[in-house]
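> Shown below is the structure under consideration.
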Amino acid sequence: MHHLSFTRRLTTAMAAASAAVAIVFAGQAAAEPAPQATVDVAAAVSQLRTSVAGNPGALAALDQLVDKGTVDVALPAQPFQIPATSDIGQNGGGPGVYGSGIALDIDGFRLGFFGGPGTISPNQGGAKLEVMWLNLSNGQSGTAVLTEHQDVPVDTTIRTAPLNTGGGLIVAAVYGSLWHRWSVPVDEAHPDGYAYQLGHIQQPSFGAVTR
């Protein structure tokens, strides 16, 4: 049941974000229609590889982003255009689509991730979820660990601290591992009333966003 509840929450959140952005685009279209900008994924990944040269983990993650064509550029807050896959998928039952990166304007510009079974565990010991980013407009780049997570009320997004990316067109990819948890009856195997599962991203979530 936990994964069904998560899916409903995720669908509601994505629908709300999409509706907000649709209103913005509708206002812009009424004033002056403009073509949707796109990003060639292969070209962006090539530039990201240059920006993370010397980082084996990031380079290995980028190796999984091949033959993805082009993606439309989005505005915050929007899920990344290419979702992640992992060894546990969204319901914890095995490999498959796992979740998505997301660009957020929450007390500053941040990059985050939502997905997987249950909720995100407050204890991420032994796991490390990272994002690599590159501003194609000004050349700034960096990597950051996703560490900020509010457990109460239930929060299914983990995110970076505010990032100083500058304005412009930003591409990013989320990779690494993440602990999830969900409520279960208290017993000897689950003394705290939770079951835990570690997800390892196989294909990163890739996104292009303008700010």
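No value in this document is a laboratory result; all are computed from the given coordinates. A quick note: this is a predicted structure, and the numbers were derived from the prediction, not measured. Backbone-built Cβ (ideal geometry, glycine too); neighbour counts: all protein chains shown.
> Taking 7 Å along the Cα-to-C-beta vector as the label spot, tell me the ASN123-SER177 distance in nanometres, rounded to one decimal.
In this crude label model, ASN123 to SER177 measures out at 1.6 nm.
> Something else: Give me the base-10 log of I(q)/I(0) for the range 159-211 at each q in 0.14, 0.25 Å⁻¹, Debye formula, one uniform scatterer per Cα, rounded to two decimals.
Values, matching the q order: -0.61, -0.99.
> Another question, then. Using only Cα positions of the range 31-142, each an equal point scatterer, no hydration layer, compute I(q)/I(0) via Debye at q = 0.21 Å⁻¹ and quote the log10 values to two decimals.
Computed log10 I(q)/I(0) values: -1.49.
> I would also like to ask the following. Could you go through the range 56-66 in sequence order and give the Karplus-derived ³J(HN,Hα) for each residue, using 6.51 cos²θ - 1.76 cosθ + 1.60 with θ = phi - 60°, rounded to whole Hz, and x for Gly and Pro?
With coefficients 6.51, -1.76 and 1.60, one gets x, x, 5, 5, 5, 5, 5, 4, 7, 9, 10 Hz.
> Another question, if that's okay. Could you give the Stokes-Einstein D for the range 41-92 in µm² per second, using the C-alpha Kirkwood radius, 20 °C, 1.002 mPa s?
167
> Show me, bin by bin at 10 Å from 0, the whole-percent P(r) of the range 105-211 based on Cα pairs.
In whole percents, the pair-distance histogram is 14, 42, 28, 11, 4, 1.
> Ok, one more. Given Cα positions, please report Rg to Rh for the range 60-123, the hydrodynamic radius being the Kirkwood one.
Using Cα coordinates only, the ratio equals 1.00.
> Convert each backbone phi in the range 134-144 into a coupling constant with the Karplus relation 6.51 cos²θ - 1.76 cosθ + 1.60 (shift: θ = phi - 60°), then list the ³J(HN,Hα) values in order as whole Hz, x for Gly and Pro.
Running phi through 6.51 cos²θ - 1.76 cosθ + 1.60 with θ = phi - 60° gives 8, 8, 6, 7, 10, x, 5, 8, x, 10, 8 Hz.
> Work out how much length HIS200 to SER137 would gain on full extension: take 0.36 nm times their residue separation and subtract the Cα-Cα distance, in nm to one decimal.
Full extension of this stretch gives 19.5 nm more.
> Residue by residue through the range 111-128, which ³J(HN,Hα) values in whole Hz follow from phi under the Karplus form 6.51 cos²θ - 1.76 cosθ + 1.60 (θ = phi - 60°), with glycine and proline marked x?
Going residue by residue, I get 10, x, 8, 9, x, x, x, x, 10, 7, 5, x, 9, 10, x, x, 10, 7 Hz, with x marking Gly and Pro.
> Then there is this: Along the Cα→Cβ direction, 7 angstrom out, place labels at ASP40 and GLU188. What is the inter-label distance in nm?
Going by the 7 Å Cα→Cβ label model, 6.2 nm.
> Then there is this: Quick one: if you stick a label point 7 Å off each Cα along the C-beta vector at ASN55 and ASP87, how many nm between them?
2.2
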